[in-house]
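Here the structure comes first, spelled out in structure tokens, and everything after it is commentary.
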Amino acid sequence: MTKTEKITEEAFLALHAQYKSTGDKSIRNRLVLEFEHVPKTVAMQLRGLSASYAQVEDMINQGMIALMDCIDRYDPTKGIPFEPYAFLRVRGAVIDLVRKQDWIPRRVRTAAKEIAAAESKLCSELRRSPTEAELAAELNMSVERLRQVSVESANSVTFSFEELIQNVSQMGTALEQATSDDETPESHLLRTELHDALTEAISGLNDRERLVLTLYYYENLTLTEIAKVIEVSVQRVSQIHSRVIQKLKETMADYIRC
């Protein structure tokens, strides 16, 4: 297996089983190197939350620590592939770091709320999504200024939704450990309600919004990579992504307090 080849699930499971049985740290370190792209990808996705390169490095370092913890805690009998499991946990660890450091300026948070409120108001009045010109007019700013503010505020909106998703994960930790035999009626109801809420929110998205959601959260592509896939500007992807997050937040907020 060369360095450029991605480790197979079978090879990972064999190495992981060997590590768990021997406790050999060199095996764990090898697995960390195989999946070091996970914290780096998460940091790249969330890099807009930081004000300097040093803070991006902090994100990566925190993610690497979380990755090692994932390797220690991973249980293959749960039937969840390691990589998506690691992405979820590493992203949660980075979000916790950002939350503690409070890297997002208040003006950006405020701008995100103002744009979301204006867009929601116009959607209700027009019975469709407003154009950039209509939204800019509602906010009493130029289209160019709206685009600039939208890119900044996209990171705040993303962080807010990431916090919400992390809350879902924390609420679901006990559910992940439950089996079909010992799952209580209450935990089953919670699982069903969360699934239905997210399904309802996603069903309300248009095709392009669902594509951006899939590429960002499931394929773990950056906004720049997504822009190349759907052949639009990074700025446009950022706007679509922000709209998707806002729609999902509005639905999920009824079920999860963040």
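The values are calculated or read from the model by the stated rules, or taken from the named source; none is laboratory data. This structure is a prediction, so every number in the text was calculated from the model and none was measured. Every residue, glycine as well, gets a Cβ built from its backbone with ideal geometry; the counts of neighbours run over all protein chains shown. Quick note on the areas: whole protein, heavy atoms, side chains included, nothing else; ligands and nucleic acids left out. Shrake-Rupley method; radii C 1.70, N 1.55, O 1.52, S 1.80 Å.
In this simple spin-label model, placing a label point 7 Å from the Cα along the Cα-to-Cβ direction at both Thr214 and Ser142 gives a separation of 3.9 nm. Site pair Ile65 and Arg47 shows an inter-label distance of 2.2 nm when each label is modelled 7 Å from Cα along Cα→Cβ.
For Lys100, the lysines whose Cα falls under 29 Å of its own Cα, not counting residues fewer than eight places away in the same chain, are Lys40, Lys113, Lys247, Lys249.
Expressed as a whole percent, the accessible area of region 70-130 that falls on carbon and sulfur atoms is 50 (1.4 Å probe). Extending 7 Å from the Cα toward the beta-carbon at both Ile80 and Thr110 defines two label points whose distance is 3.9 nm.
Taking Lys and Arg as +1 and Asp and Glu as -1, the other residues whose beta-carbon sits under 14 Å from that of Ser203 total -3. Per-residue Karplus couplings for region 79-84, computed as 6.51 cos²θ - 1.76 cosθ + 1.60 with θ equal to phi - 60°, are listed in order as x, 9, x, 5, 4, x Hz, Gly and Pro entered as x.
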